[in-house]
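*Asks:* Take this structure, written in structure tokens, and hold onto it; I'll ask about it next.
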Amino acid sequence: MLDFKNKLNTEQYEAMACTNGSILILAGAGSGKTRVIIYRVAHLLQQGVSPFNILAVTFTNKAAGEMKERIYNLAGEAAGNIFVSTFHAMCAQLLRSEAINIGLNSNFSICDFQDQKNIAKQCIEKLGYDDKKFVPQVVSAIISRAKDDMKGVREFREEALAKGLPFFTGVADIYELYQKTLIESQNLDFGDLIFKTVEMFETNKEILDKYQERFQYIMVDEFQDTNESQYRLIKFLSGKYKNICVVGDDDQSIYSWRGANINNILNFEKDYKDTKVVKLEQNYRSTKNILKVADKLVKKNVQRKDKTMWTENEEGEKIKHLQVYNEHEEAERIADEINSLVHQGASLNDFAIFYRTNAQSRVFEEIFRKYGISYILVGSIKFYDRKEIKDILAYLKVLMNPSDTINLKRIINVPTRGIGQTSLDLIESLRHEGDSFFDILTNIAMDAYPPNIVSQRLAKNIKSFHAILIHLIDNMNTYTTKEIIAYVLSESGYMEWLYEDTSIYRDSRIENVKELVSAAGDFEEDFGDVTLEGFLQHTALVSDVDKLDKETPRVTLMTLHLAKGLEFPIVFMTGMEEGLFPSAKVDYDKKELEEERRLCFVGMTRAMEKLYCLSANQRRVYGQTKLYLPSRFLKEAGVLEQEEERDCNPYAKFDDFMNKVETLKPDCSPDMLDSFAKGNRVSHPNFGLGRVINISGSGDRKTVIVRFNSGAEKRLLLKYAKLERV
């Protein structure tokens, strides 16, 4: 019997002990919410609830894995049958289990975001639409958002027509073909996993009853991040027993851009009557000073539930605001500070650098390489998005699901087999209603078409490829996933093809495919699952943060959005300037401003011991240097007010910054700007002599294009160009 009272504070114990009915746990940053969920599960088991009847859902594989491990360590073998999962993994499992009842193939493939973009691109091309207007990445995101909002093709089209939006009517056409492509290839994308599960519950009462009866006690972590489809899913599952516990923090709702609806947590008590609300306000992560500025900042928001974070931790250092000249000095100052603290005993793993946009990482990478500081860039090209890895995964998906035309077309000529685009078009033309791409390959391999339709050379190439696939399919059930991958690399000729590669990427690609074999081995050890289906599902749903490795000492570089759920002893929040963070559009959208403020709160509350906030006087953005004021968030949090004399940076003080802005203003008079004309000979301090070949714009926005004697052409904003007539 576990002693819960001595392991939890008063509010945590209250939340843990409430097992029946609906409960909303408002868990502030660092308040031990996962601990409450773990003990709540143990308490349910101790009360005699079957582990088979408990469901715990969260958002990342990393969080789900940690939850499973902690439940097992606390409750032992009894926890074995508890369903702990992410939303997407849970729905994938339910859909595979019920596939025969809802017209799905249980071996369906799962498209990742890159696949979704590629399919959207193919659909845009097939429909003859302009890909500059209908950008594949944008269209793919719109379709994903529609599914998150539970809008199928029909609903999406009707809304576009009702609002008279031609662009979205065009997207509806693409959406329709996109779905048809997925269905024909027996593929589901991420949005489909939840959309189709909700649809299954809406249309099949017998299946709904089955899972309502199974999941009698439901817990949802990070509830503030749920979208419409996830909200409906949970509402369906909890509909019978209504024992629903949601844990979240409205102050950390930062994903509206991908469909998260803060109203799900703000209005939970309206949707679930007689809800018990428990606030977890004691923070165990950060120092008093860090918590004080974060709490002061977030209380500027109106759309939030009232709570005040507090801690028994030490006072800690005051938050340091470093005012720097530009982004290069920003990176240099951070590098100096890291080296200094490492010499004092800190580990590189202690440091995290947060930024608002991915583009800001470039300068840090350059400076860190210069300083010899090891780092990991979270959110760069994912391992599973690399070409060679996607190629091998495509082979595996086809072995599981030969009807997967999307991945079959990817590998049919990889390695090169003489089956190019013209051949693919011919094969496609031979398809009839109900035929899969693989069916046609099989027909060709069986000489079903005369030479005047399918040439002997093409037939020979396809027979060779088809034989490889059949051989792999026939043998895959006798091997573990790790062995299957090695077998595919050998039998397909892919590994030999890589070794013959003469590009500079050869060695890294070889290492990557070897690492894929290792990843399969790790998956088998970690999850005890040797099935190809399990591994493919795992790779499709893995996220950037899931792979964050703390074994090797490295500074972590990541966007603020990726930082949620993590903690670091020392945090640098960079680019804290008006127009960058918060972005300029907040002046027109107060909801946007509140979300940006929550994002800043999230960043601050990742810090355990030290927090640095950096803002630059000027920053180069999209090729143009712009002047910036420090972010309003620094004033709202009281960071600027508490700055100390210890900062030796010449631009540290706000007054000094304003003076510096004055010195940066150009001394070009309007007459001087108007004195330049096409054909003028000019001199530039860096580029030398040249001639003006074009002029556009007027006033402060007047630009010139200069062809310099070196042959280079430069487009310059005349106001700042430092050009002289010669």
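*Asks:* Where residues in the range 357-414 are assigned to a loop (DSSP other than H, G, I, E, B) and within 18 Å of N512 (Cα to Cα), which of them is most open to solvent (accessible area, probe 1.4 Å)? Give the steps one after another, and end with the answer.
*Replies:* Kept after step one, since they are assigned to a loop (DSSP other than H, G, I, E, B), are these residues of the range 357-414: 357, 372-374, 378-382, 386, 401-404, 412-414.
Adding the requirement that they be within 18 Å of N512 (Cα to Cα) leaves 378-382, 386, 414.
Numbers: V378: 9, G379: 34, S380: 53, I381: 114, K382: 55, R386: 86, V414: 20 Å².
Restricting to residues being assigned to a loop (DSSP other than H, G, I, E, B) and within 18 Å of N512 (Cα to Cα), the top hit is I381.
*Asks:* Here is a further query. When the residues of the range 291-326 are narrowed to those that are assigned to a helix (DSSP H, G or I) and open to solvent by 20 Å² or more (accessible area, probe 1.4 Å), which ends up farthest from R356 (Cα to Cα)?
*Replies:* K292
*Asks:* Only residues that are closer than 24 Å to H561 by Cα and of a type in the set (K, R): list them for the range 44-90, please.
*Replies:* Within the range 44-90, just K62 meets the criteria.
*Asks:* Against the definition (within 25 Å of L536 (Cα to Cα) and open to solvent by less than 50 Å² (accessible area, probe 1.4 Å)), how does V84 come out, yes or no?
*Replies:* Criteria met by V84.
*Asks:* Select, from G164, G128, the only residue that is outside any helix (DSSP H, G or I), open to solvent by 60 Å² or more (accessible area, probe 1.4 Å) and out of contact with any helix residue (DSSP H, G or I) (no Cβ under 7 Å at 6 or more places or on another chain).
*Replies:* On inspection, the qualifying residue turns out to be G128.
*Asks:* Looking at the range 437-447, is at least one residue among the hydroxyl-bearing types (S, T, Y), under 28 Å from K180 (Cα atoms), in contact with a helix residue (DSSP H, G or I) (Cβ under 8 Å, 6 or more places away or on another chain) and surrounded by 11 or more Cβ atoms within 10 Å (Cβ to Cβ)?
*Replies:* Within the range 437-447, one or more residues are among the hydroxyl-bearing types (S, T, Y), under 28 Å from K180 (Cα atoms), in contact with a helix residue (DSSP H, G or I) (Cβ under 8 Å, 6 or more places away or on another chain) and surrounded by 11 or more Cβ atoms within 10 Å (Cβ to Cβ).
*Asks:* Follow-up question, since we're still on this one. With a cut-off of at least 2 residues that are closer than 26 Å to N401 by Cα, of a type in the set (S, T, Y) and in contact (Cβ under 8 Å) with a residue 12 or more places away in the chain, name the strands (runs of 3 or more DSSP E) lying wholly within the range 7-112.
*Replies:* Here the list reads 83-86.
*Asks:* Looking at E567, E592 in this structure, which one is touching a helix residue (DSSP H, G or I) at 6+ places or on another chain (Cβ under 6 Å), open to solvent by 40 Å² or more (accessible area, probe 1.4 Å) and under 28 Å from N263 (Cα atoms)?
*Replies:* E592
*Asks:* Being over 26 Å from D385 (Cα atoms), of a type in the set (V, I, T) and out of contact with any strand residue (DSSP E or B) (no Cβ under 6 Å at 6 or more places or on another chain), is that true of even one residue in the range 125-145?
*Replies:* no
*Asks:* Scan the range 34-55 for residues that are touching a Phe, Trp or Tyr at 6+ places or on another chain (Cβ under 7 Å) and among the aliphatic types (A, V, I, L, M) and jot them down.
*Replies:* Residues satisfying the conditions are L44, V49, I54, L55.
*Asks:* Considering only the range 518-540, state which residues are over 12 Å from L393 (Cβ atoms), of a type in the set (A, V, I, L, M) and open to solvent by less than 30 Å² (accessible area, probe 1.4 Å).
*Replies:* none
*Asks:* Which pairs turn up if I take residues in the range 517-530 that are among the aliphatic types (A, V, I, L, M) and look for partners that are open to solvent by 80 Å² or more (accessible area, probe 1.4 Å) with beta carbon separation below 7 Å, at least 6 apart in sequence or on another chain?
*Replies:* V517/K482; A520/K482
*Asks:* Shifting gears a bit: Residue check: is I37 farther than 19 Å from E269 by Cβ, open to solvent by less than 40 Å² (accessible area, probe 1.4 Å) and modelled with pLDDT of 90 or more?
*Replies:* yes
*Asks:* Helices (runs of 4 or more DSSP H) wholly in the range 167-265 with at least 3 residues that are modelled with pLDDT of 95 or more and open to solvent by less than 10 Å² (accessible area, probe 1.4 Å) - which ones?
*Replies:* Passing ranges, in order: 190-203, 228-237.
*Asks:* Right, another one. Looking at L399, L393, L377, which one is among the hydrophobic types (A, V, I, L, M, F, W, C) and under 19 Å from the mean Cα position of the chain (by Cα)?
*Replies:* Matching residue, one of L399, L393, L377: L377.
*Asks:* Among the residues of the range 321-347, what is the count of those that are among the β-branched types (V, I, T) and within 14 Å of E366 (Cα to Cα)?
*Replies:* Number of matching residues: 1.
*Asks:* Does the range 281-290 contain at least one residue that is in a loop (DSSP other than H, G, I, E, B), without any contact (Cβ under 8 Å) to a residue 40 or more places away in the chain and either farther than 19 Å from L611 by Cβ or open to solvent by 70 Å² or more (accessible area, probe 1.4 Å) (or both)? Give the steps one after another, and end with the answer.
*Replies:* First, pick out the residues of the range 281-290 that are in a loop (DSSP other than H, G, I, E, B): 281, 283-287.
Keeping just the survivors that are without any contact (Cβ under 8 Å) to a residue 40 or more places away in the chain gives none.
Within the range 281-290 (the criterion being in a loop (DSSP other than H, G, I, E, B), without any contact (Cβ under 8 Å) to a residue 40 or more places away in the chain and either farther than 19 Å from L611 by Cβ or open to solvent by 70 Å² or more (accessible area, probe 1.4 Å) (or both)), the answer is no, since none of the residues qualifies.
*Asks:* Could you give every pair whose Cβ atoms fall below 6 Å, whose first residue belongs to the range 417-441 and is without any contact (Cβ under 8 Å) to a residue 12 or more places away in the chain, and whose second residue is surrounded by 14 or more Cβ atoms within 10 Å (Cβ to Cβ) and part of a helix (DSSP H, G or I), counting only separations of at least 6 or pairs across chains?
*Replies:* As it stands, the answer is R431/I440, since those pairs meet every condition given.
*Asks:* Right, another one. Going by the conditions given, is R554 open to solvent by 50 Å² or more (accessible area, probe 1.4 Å), touching a strand residue (DSSP E or B) at 6+ places or on another chain (Cβ under 6 Å) and at pLDDT 80 or above? Spell out the reasoning first.
*Replies:* Numbers: open to solvent by 50 Å² or more (accessible area, probe 1.4 Å): yes; touching a strand residue (DSSP E or B) at 6+ places or on another chain (Cβ under 6 Å): yes; at pLDDT 80 or above: yes.
It is true that R554 is open to solvent by 50 Å² or more (accessible area, probe 1.4 Å), touching a strand residue (DSSP E or B) at 6+ places or on another chain (Cβ under 6 Å) and at pLDDT 80 or above.
*Asks:* Does any residue of the range 431-439 turn out to be basic (K, R) and assigned to a loop (DSSP other than H, G, I, E, B)?
*Replies:* yes
*Asks:* Separate question: Determine whether the range 450-459 contains at least one residue that is touching a helix residue (DSSP H, G or I) at 6+ places or on another chain (Cβ under 6 Å), of a type in the set (D, E, K, R) and either surrounded by fewer than 18 Cβ atoms within 10 Å (Cβ to Cβ) or at pLDDT 90 or above (or both).
*Replies:* no
*Asks:* A follow-up question, please. What number of residues within the range 594-617 are touching a residue at least 40 places away in the same chain (Cβ under 8 Å) and in a helix (DSSP H, G or I)?
*Replies:* 10
The values are calculated or read from the model by the stated rules, or taken from the named source; none is laboratory data. Computed from a predicted structure; not experimentally measured. We place every Cβ from the backbone using ideal geometry, glycine too, and count neighbours over all the protein chains shown. Note: areas computed on protein heavy atoms with side chains; ligands, DNA, RNA excluded. Shrake-Rupley method; radii C 1.70, N 1.55, O 1.52, S 1.80 Å.
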